[in-house]
Amino acid sequence: MKLRMLNNSTMKLTISSLFPRMMGLMLISLSLLPLPYFLGNYQITCNDIKPNLARECVLNFSFFGISKKQTNLNTLIDASITGTSPYSIMLKTTDGLINMTNGSSVGYAKKQKIVDTINQFITRGMQNSVKLANPNPLA
């Protein structure tokens, strides 16, 4: 930070030296936040969970920690990827198929990991909820 003496003996902070430092600190702060924080995340919660049986389930989408959308899944059977670009994650329930995505062609491997996580959650039946990354990277 540069300080300059002016004719009337007052000091003035040079803006040109302060601005790059402020921008650098702001960029470092933003890089420390996890990306899903900005993009939102999904959580599946089931009231009745046993191995291979997930009943009374709700799919909840949160953005910045605020619940934005809830979808009742009733009994969740499994998850799969459909389509060949754009790809969609489909949740199979006793009420039919529910599209979990906006059909983004971005991130097939990421979507496959989400599908695997959901199917393991159903198969194991050890916990009553599972958090998932946002399958719509630009949504």
Fill in: Relative exposure of 110, 50, judged by other C-beta atoms within 10 Å (fewest first)
50, 110
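Tally Lys/Arg at +1 and Asp/Glu at -1 over every other residue whose Cβ is under 12 Å from the Cβ of residue 123; what's the total? Write down the numbers at each step before the final one.
On the way: positive: 50, 124; negative: 78, 116.
It works out to a net charge of 0.
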Worksheet item: Tell me, in nm to one decimal, what length is gained between residue 74 and residue 108 on full extension, where the rule is 0.36 nm per residue of separation less the Cα-Cα distance?
Response: 9.6 nm
Worksheet item: What's the long-distance tail for the stretch 36-133, i.e. % of Cα pairs beyond 15 Å?
Response: 59
Fill in: Relative packing of 67-78, 52-63, which averages over residues the other C-beta atoms within 10 Å, highest first
52-63, 67-78
Practice prompt. Would you pull out the residues with amide H under 5 Å of residue 132's amide H, same chain only if 5 or more places away, H placed 1.01 Å from N?
Written response: 42, 43, 44
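Every read-out reported here was derived from the displayed coordinates using simple, explicitly stated rules and does not represent laboratory data. Worth saying up front: this structure is predicted, and the values here are computed from it rather than measured. Please note: Cβ atoms are built from the backbone with ideal geometry, for glycine as well, and neighbour counts cover all protein chains shown.
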